[in-house]
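A.B. asks: For reference, the structure I am asking about is given below.
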Amino acid sequence: METLRIVIAGGGTGGHVFPALAIGEALRKKTPQVHLIYIGTRRGLEADVIPRAGGELRTLWISGFARRRIIQNLLLPVKLLVSFLQSFWLLLTVRPHVVVGTGGYVMGPVLWVAQRLGMPTVLQEQNSFPGYTTRKLARRAQLVCAGFEETRNRLTGCEVIVTGNPLRPSFQTLNRERARAQWNFDYSRKTLLIFGGSAGARAINEAVSAALSELLKQWNLIWQTGRLGIPASTDSSIVQQAIAQHRLIVREFIQEMPEAYAVADLAVCRAGAMTLAELAASGLPAVLVPYPHAADDHQTSNAQSVTSAGAARIIKDSELRATTLLNTVEDFVASENKLLDMAAKMKSLAKPDAAKRIADLVLSVARKK
């Protein structure tokens, strides 16, 4: 049986890298006769995560527009040209049966070149509102695997299959009791999970910092600050005391994120598509603070699709303060039934077989070549 050569292009953030890995792992489980090559950048999260997961990574010299870095942006046309040439050479060398795109700046040149070379392409669009690159590439793609039903109405002239967003296998085996033993909290109190992605979310961190003493009166806190770290205004004595009393865990980045979801009763976070998929898989209701500067404001669109199902609430980034945060989460403490109802509604949104479905579709396209 001929080995299927499959290229997966995507990177920059976890929202693009982890779907690529999830699809790749599902493909390996489907057939041993597959050679996977991931394409990313040297500076994105993929440069660390993919090799650590045992994946073969090739990199392109490309980046996005950098705000307030005029000199760096002068190189963008050169980087774009080089990335197209690199994509052309790589694809001609590998001769993949199919090229899969999971998003990020690196996806554009790779799939554009693949389509001009007559190679089959599949797009995996995580967001409810598809980005510009997806909208342009979709017209020549064999199919688009969408994370949200709303995506179907926003893409025309192409085949769209709503598969849900692919998650790592660790989200299929969540165990609350095992997670509780790991985090070692006092579980007579509920646990609040707070995070804003690997970079962090300034608005969320500052609101939590200002509300920290009040939050700790009722909640255990798992607080992922991201690279931004704890705001300088945070009272360090409150932090140290809460850590010593096993009521607070503060980390820049949480490696065991599935276990953090499993132990939590409520989350406060951004509304990235993969975050919402992870919340659904975990059945974890959330207070969502969409990132206001996301392309096409897609995080607000993502959040609205979840809140319309009654599984979350939204606080606008511009309206997030200590008081609005406290008032919102306090409502959940006061009503156990409300929390349980929202958890059930969040769980109903889960699509646990998304990675397997996407793998099946990718293989069907590859075998038609």
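A.B. asks: Which of the three applies to region 180-278, rounded, prolate or oblate, going by the alpha-carbon gyration tensor with a ≥ b ≥ c and a/c under 1.5 meaning rounded?
C.D. replies: In terms of gyration-tensor shape, oblate.
A.B. asks: Let me ask another. Sequence-distant or interchain residues sharing an amide H contact under 5 Å with VAL100, placed H: which?
C.D. replies: Residues meeting the amide H criterion: VAL7, ILE8, ALA9, VAL122.
A.B. asks: Just grab the label-to-label distance for ALA344 and LEU326, each label 7 Å out from Cα along the Cβ direction, in nm (one decimal).
C.D. replies: Using points 7 Å along Cα→Cβ, the separation is 3.3 nm.
A.B. asks: For the chain, which whole-number percentage of the solvent-accessible area (1.4 Å probe, protein heavy atoms only) is attributable to carbon and sulfur atoms?
C.D. replies: Its accessible area is 52 percent carbon and sulfur atoms.
A.B. asks: Estimate the FRET efficiency between ASN175 and LEU117 by the formula 1/(1 + (r/R0)^6), using the beta-carbon distance for r and 45 Å for R0, to the nearest 0.05.
C.D. replies: According to the calculation, E is roughly 0.45.
A.B. asks: In addition: Only loop residues by DSSP count here, and only those with at most 12 other Cβ atoms within 10 Å; note down the trypsin sites (Lys or Arg not before Pro) in region 176-233 that meet that.
C.D. replies: Those that pass, being in a loop and sparsely packed, are LYS217, ARG227.
A.B. asks: Once both labels are modelled 7 Å past Cα along the beta-carbon direction, what's the SER233-GLU256 spacing in nm?
C.D. replies: 3.3 nm
A.B. asks: Another one. Pairs LYS190/LYS345; LYS29/LYS368; LYS217/LYS345; LYS79/LYS136; LYS136/LYS316: which are spaced more than 23 Å apart, C-alpha to C-alpha?
C.D. replies: LYS217/LYS345; LYS136/LYS316
A.B. asks: 5 Å is the cut-off here: which amide hydrogens, built 1.01 Å from N in the peptide plane, fall below it relative to LEU45, excluding neighbours closer than 5 in sequence?
C.D. replies: Residues meeting the criterion, in which the H sits 1.01 Å from N, are GLY12, THR13.
A.B. asks: Per-residue ellipticity at 222 nm for the chain, helices alone: DSSP H runs ≥ 4 residues times -39500 (n - 2.57), over residue total, nearest 500 deg cm²/dmol?
C.D. replies: Mean residue ellipticity, 222 nm, calculated: -13000 deg cm²/dmol.
A.B. asks: Taking the Cβ of GLN224 as the centre, find all other residues whose Cβ is under 14 Å away and add up their charges (Lys, Arg: +1; Asp, Glu: -1).
C.D. replies: Charge balance in the 14 Å sphere: 0.
A.B. asks: To continue, here is another question. Can you tell me the FRET efficiency between LEU85 and LYS368 if r is taken as the Cβ-Cβ distance and R0 is 35 Å, rounded to the nearest 0.05?
C.D. replies: According to the calculation, E is roughly 0.75.
A.B. asks: Convert each backbone phi in region 206-217 into a coupling constant with the Karplus relation 6.51 cos²θ - 1.76 cosθ + 1.60 (shift: θ = phi - 60°), then list the ³J(HN,Hα) values in order as whole Hz, x for Gly and Pro.
C.D. replies: Per residue, the Karplus-derived 3J(HN,Hα) values read 5, 5, 5, 4, 5, 9, 4, 4, 6, 4, 5, 6 Hz.
A.B. asks: Suppose the chain between ALA244 and ARG43 were pulled fully straight at 0.36 nm per residue; how much longer would it get relative to their current alpha carbon spacing?
C.D. replies: Separation in residues times 0.36 nm, less the Cα-Cα distance, equals 68.7 nm.
A.B. asks: In addition: Taking a ≥ b ≥ c as the square roots of the Cα gyration tensor eigenvalues, with a/c under 1.5 meaning rounded and otherwise prolate when a/b beats b/c, else oblate, which class fits region 142-209?
C.D. replies: oblate
A.B. asks: For region 72-140 and region 268-340, write down the distance between their C-alpha centroids in whole Å.
C.D. replies: 32 Å
A.B. asks: Using 0.36 nm times the number of residues separating ASP297 and GLN218, minus their current alpha carbon distance, what extension gain do you get?
C.D. replies: Once the chain is fully extended between ASP297 and GLN218, it gains 25.1 nm.
A.B. asks: Still on this model: Quick check: pseudo-label points 7 Å beyond the Cα along Cα→Cβ at ARG189 and VAL78, how many nm apart are they?
C.D. replies: 5.4 nm
A.B. asks: Now for a different question. Please get the size of the charge dipole for the chain, origin at its Cα centre, with Cβ charges of +1 on Lys and Arg and -1 on Asp and Glu, quoted in debye to the nearest 20.
C.D. replies: 1280 debye
A.B. asks: Ignoring GluC sites (Glu not before Pro) that are buried or in helix or strand per DSSP, and keeping those with at most 14 other beta carbon atoms within 10 Å, what is the longest stretch of the chain between them?
C.D. replies: With GluC sites (Glu not before Pro) excluded where exposed in loops, the chain gives 257-369 as its longest stretch.
The values are calculated or read from the model by the stated rules, or taken from the named source; none is laboratory data. These figures come from a predicted structure and were not determined experimentally. Every residue, glycine among them, receives a Cβ derived from its backbone with ideal geometry; neighbour counts consider all protein chains shown. Areas reflect the complete protein model, heavy atoms only, side chains present, ligands, DNA and RNA absent. Shrake-Rupley method; radii C 1.70, N 1.55, O 1.52, S 1.80 Å.
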